[in-house]
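Encoded as structure tokens, the structure appears first; notes follow it.
Where a number appears in this text, it was derived from the coordinates with a stated rule and is not lab data. Computed from a predicted model, the values in this text were never measured in an experiment. Backbone-built Cβ (ideal geometry, glycine too); neighbour counts: all protein chains shown.
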Amino acid sequence: MRKTTIAIMDDDIWCLKSLGSWLGGRPHLCTLLWQTSSSDEALQRCLNGRNAQQPQALLLDMSFDIASAPEICRQIRSETDSISILGMSSGMCESYIEVLAQAGAQGIIAKRHLAKRLPSALSLLAVGKSIDPARFKNTTEAHADLAGTTTIQQKPLSVREAQVLHLYSRHNTTQQIANQLGVSLSTVYTFAHRAMEKLQVDTITAAIYRFQEDNKHKYI
């Protein structure tokens with residue numbers, strides 16, 4: 001049976017080395033091609049490197065800032081369907097599911113469950129399948145979605161709605177946002193909820209990611 005080739009990207013050096021060591025000690029499970037804490041290096045190896053550097057599965061840490069990990073996933077998926085992408089999180093996975101699925105990943109697993117779930121997940125990832133078909137697409141379907149040119153029409157955000165998402169993206173708390181805008185906490189929540197509805201997403205994390213994607217070259 002052919003072993004799955006994998007790569008790891010994690011900005012936590014200790015976690016990166018620990019996971020790399022754990023996988024390296026299980027040659028029957030997979031072949032670890034490379035590991036990095038650099039998003040630029042990961043993209044270079046996945047998209048512009050030699051075939052020998054391109055893994056069948058990329059394990060992608062979600063502890064970067066809110067937009068970085070999904071954006072890396074989206075860039076890879078829009079270019080190729082030959083690399084499966086599995087998100088990893090030290091915290092709650094639920095908040096990342098929607099945004100990661102939209103970015104073309106094949107699933108997400110909490111780091112504390114990797115030892116138990118990764119062996120069976122790798123057999124699916126090796127052939128481009130989702131480990132959670134109810135919420136994530138396979139690589140072929142996800143690539144087709146992101147490689148297309150269809151644009152979804154959405155209502156424009158108000159100035160206040162955009163300001164709230166911008167401040168959240170800068171890691172401000174709801175109380176800090178309320179103080180900066182001179183409004184109540186409930187008003188901040190109202191602006192955030194309206195923004196989620198207009199952006200057609202179900203979580204604030206997904207709204208922030210969509211907002212950042214749409215405003216890469218703008219300043220509020």
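Quick look at the values:
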{"item": "From phi via Karplus (6.51, -1.76, 1.60), per-residue ³J(HN,Hα) for the stretch 110-116 in Hz, x at Gly/Pro", "result": "5, 4, 5, 9, 4, 4, 7"}
{"item": "The chain, helix-only ellipticity at 222 nm - DSSP H runs n ≥ 4, -39,500 (n - 2.57), divided by all residues, nearest 500", "result": "-14000 deg cm²/dmol"}
{"item": "Of 208, 75, 189, farthest towards positive along the dipole that unit charges on Lys, Arg, Asp, Glu beta carbons give the chain", "result": "75"}
{"item": "Over 25 Å between alpha carbons, listed pairs 3/137; 129/198; 17/129; 129/155; 3/111", "result": "129/198; 17/129; 129/155"}
{"item": "Cα→Cβ-extended label distance, 7 Å offset, between residue 174 and residue 26, nm", "result": "3.9 nm"}
{"item": "12 Å beta-carbon shell around residue 109, net charge (K/R +1, D/E -1)", "result": "+2"}
{"item": "Options 18, 158, 42, ranked by Cα towards positive dipole end of the chain, top entry (Cβ charges)", "result": "18"}
{"item": "Global form of the stretch 4-147, assessed from the alpha-carbon gyration tensor, a/c cut-off 1.5", "result": "rounded"}
{"item": "Estimated FRET transfer efficiency (residue 183, residue 94; beta-carbon r; R0 30 Å; 0.05)", "result": "0.60"}
{"item": "Cα lying deepest toward the dipole's positive end in the chain, options 6, 168, 87, charges on Cβ", "result": "6"}
{"item": "Net charge contributed by nearby residues that have their C-beta within less than 9 Å of residue 142 (K/R +1, D/E -1)", "result": "-1"}
{"item": "Simple spin-label estimate for residue 141 and residue 155 in nanometres, 7 Å along Cα-Cβ", "result": "3.0 nm"}
{"item": "Protection proxy ranking, peptides 91-98, 199-206, average beta carbon neighbours within 10 Å, highest first", "result": "199-206, 91-98"}
{"item": "Neighbourhood net charge (14 Å Cβ-Cβ; Lys/Arg +1, Asp/Glu -1) for residue 90", "result": "-3"}
{"item": "Dipole magnitude of the chain, debye to nearest 20 (Cβ charges: Lys/Arg +1, Asp/Glu -1, about Cα centre)", "result": "380 debye"}
